[in-house]
1. With a probe of 1.4 Å, find how much accessible area the stretch 223-295 has per residue, and write the answer as a whole number in Å².
2. What does the helix-only formula give at 222 nm for the chain: each DSSP H stretch with n ≥ 4 adding -39500 (n - 2.57), the total divided by the residues, and the result rounded to the nearest 500 deg cm²/dmol?
3. Two decimals is fine: what's Rg over Rh for the stretch 1-128, C-alpha atoms, Kirkwood radius as Rh?
4. What's the extension gain from E244 to E45 if we count 0.36 nm per residue and subtract their Cα-Cα distance?
5. Between V229 and L179, with labels modelled 7 Å along Cα→Cβ, what's the label distance in nm to one decimal, could you check?
6. If I fit a long axis through the Cα atoms of helix 194-203 and take the longest principal axis of the Cα atoms of the chain, what angle between them do I get, 0 to 90°, rounded to 10?
7. Measuring from label point to label point, each 7 Å out along Cα→Cβ, what is the H278 to S150 span in nm?
8. Pop out the ³J(HN,Hα) list for the stretch 284-295 in order, Karplus 6.51 cos²θ - 1.76 cosθ + 1.60 with θ = phi - 60°, rounded to Hz; leave Gly and Pro as x.
Amino acid sequence: MTSTSVASPSFGDLALLPAVLSAVEAQGYETPSPIQAQTIPALLEGRDMLGQAQTGTGKTAAFALPLLSRLDMQRREPQVLVLAPTRELAAQVESAIVTYGKHLRLRSTAIFGGVGINPQKSALQRGIDIVVATPGRLLDLVGQRSIDLSAIKILVLDEADRMLDMGFIHDIRKVLGFLPKHRQNLLFSATYTRDIKRLADSLLNKPAMVEVERHTVAAQTVNQCAYRVDKSAKRDLLIQLINEGRWHQVLVFTRTKARANQLARKLEHSGRRVAAIHGNKSQSARTRALDGFRS
């Protein structure tokens, strides 16, 4: 593998399509993050990419901006396929693509399970440039001949380590079998395990390699601390921390779905607006909760 190191003082120096650059500037962004500065030039050249980066480093824009700049807007068939491990990530990536492609005649869609398949079929029938999908639902649509992947020019595996952890390796290999052999491949992962190395070696051709933050270290924007407390006092301590810190936006992870529901009720009784998100919730409930958290 070769190492890519490109310093760029502004997005205007990265040779992005003017319409894409305009959308970036409209978001108030002027200076690319390290992964964006290193990744965008290599992707614009059509190189394969192996990126090791954590959430919060600007990874989505790092691949979305150059891909949008390379689209053939005269075609109305899937040219770019982004595979993601979860519904939420797929929706988030597709939302970013819409934002950065708002000045293009762009059509994109997010495909995932847990919702009706017919609206997704209808979107595909209208003609799509970029598909962001979870592997299982994508294979369902391929099996029903609702999508043709034979014209894909660029494949992105986003959060590949999570996909492997969730057991998607067989689905990923099935999807690869429906793609043309000659294409640009991008693989992004927060960690670089032996399984990721095996997948990268089988998928990527002389890739540029970008590494931002070691996976053993938290992102620079995260402060960490730990409290030793009896199990019976954890919920009361959490409420105390929220009150004393005047935290307005809090994300809490629990070990089980039941505990998530119990904690949500406890926090609601303390006067907080709370939503629980887990696999037993409908996709619409999960989407409402995330929208409420953002706003």
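1. About 84 Å² of surface per residue is accessible.
2. It comes out at -12500 deg cm²/dmol, rounded to the nearest 500.
3. Computed over Cα atoms, the ratio is 0.97.
4. My answer for the length gained is 66.6 nm.
5. Modelled inter-label distance: 4.5 nm.
6. 20
7. 4.6
8. 5, 5, 5, 5, 4, 5, 5, 4, x, 5, 5, 8
The values are calculated or read from the model by the stated rules, or taken from the named source; none is laboratory data. Just so it is clear, the model here is predicted, and its values are computed rather than measured. Heads up, the Cβs are rebuilt from the backbone with ideal geometry, glycines too, and the neighbour counts pull from every protein chain shown. Each accessible area value is taken on the protein alone, full model and side chains, heavy atoms only, with ligands, DNA and RNA left out. Shrake-Rupley method; radii C 1.70, N 1.55, O 1.52, S 1.80 Å.
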